[in-house]
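Here's the structure we're looking at; comments come further down.
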């Protein structure tokens, strides 16, 4: 049975960054849980992460990322690169099926198991089943509603994705790095 779930969206806009996700986890043709917490604050709230994919795999990666953050003094980019390198090289980690969006007050990155650490174009990072809907909505909001805050853009774009994507719900969690 294939597990589908998640829309995670991060937006950097006007000097702010916000990261949010819906709360739905779907198994086959039914909603298994509607209030999954897919966004976490790390490193005393200075780093925010969101994950998509297998929950157990995501939690393992979250723990590894937190270790890397501690080992590199909270340097987001360095910790992300080191996690991606280990993820790519380690025979066990390589089998994990998850992705992460990570941010601090200055940077917004996507980490993938292929060894990629991507700084997204247009300051919009999206992963998961509803990623393309949320990304399109966020890009439109950045262009046509620049008066909105990063948090407001994430909230509105995730609601738009939830209206379109059956694997995304309106039970949102949005965080900003401190």
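None of the figures in this text is laboratory data; all of them are computed from the coordinates on show. All of these numbers come straight from a predicted model, not from anything done at the bench. Here the Cβ is made from the backbone with ideal geometry for all residues, glycine too, and neighbour counts use every protein chain on show.
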Fill in the blank from the handout: Computed from the beta carbon distance with a Förster radius of 25 Å, FRET efficiency for residue 105 and residue 147 to the nearest 0.05 stands at 0.75
Handout entry: Full-stretch length increase - residue 14, residue 60 - with 0.36 nm per residue and alpha-carbon distance subtracted
Key = 13.3 nm
Practice task
Taking the Cβ of each residue in 30, 170 as the centre, tally the other Cβ atoms inside 10 Å and list the residues starting with the fewest.
Solution key: 30, 170
Exercise for the section: Provide the packing ranking of 140-148, 72-80, 14-22, 161-169, i.e. peptides ordered by the mean count of other C-beta atoms within 10 Å per residue, highest first. Expected result: 14-22, 161-169, 72-80, 140-148
Exercise for the section: For n ≥ 4 DSSP H runs only, could you compute -39500 (n - 2.57) per run for the chain, divide by its residues and tell me the 222 nm figure to the nearest 500? Expected result: -11000 deg cm²/dmol
Exercise for the section: Express in nm, to one decimal, how much length is gained between residue 27 and residue 112 on full extension, taking 0.36 nm for each residue of separation and deducting their alpha carbon distance. Expected result: 28.4 nm
Handout entry: Candidates 116, 90, 63: whichever shows maximal mean-square fluctuation once the chain is modelled as a Gaussian network with Cα springs under 10 Å
Key = 90
Practice task
For an R0 of 30 angstrom, estimate the FRET efficiency from the Cβ-Cβ distance between residue 44 and residue 86 and round to the nearest 0.05.
Solution key: 0.80
Exercise for the section: Calculate, in nm to one decimal, what residue 122 and residue 163 gain on full extension: separation in residues at 0.36 nm each, minus their alpha carbon distance. Expected result: 12.4 nm
Fill in the blank from the handout: Taking the alpha-carbon centre of each part, the distance from region 141-170 to region 1-54 in Å is 14 Å
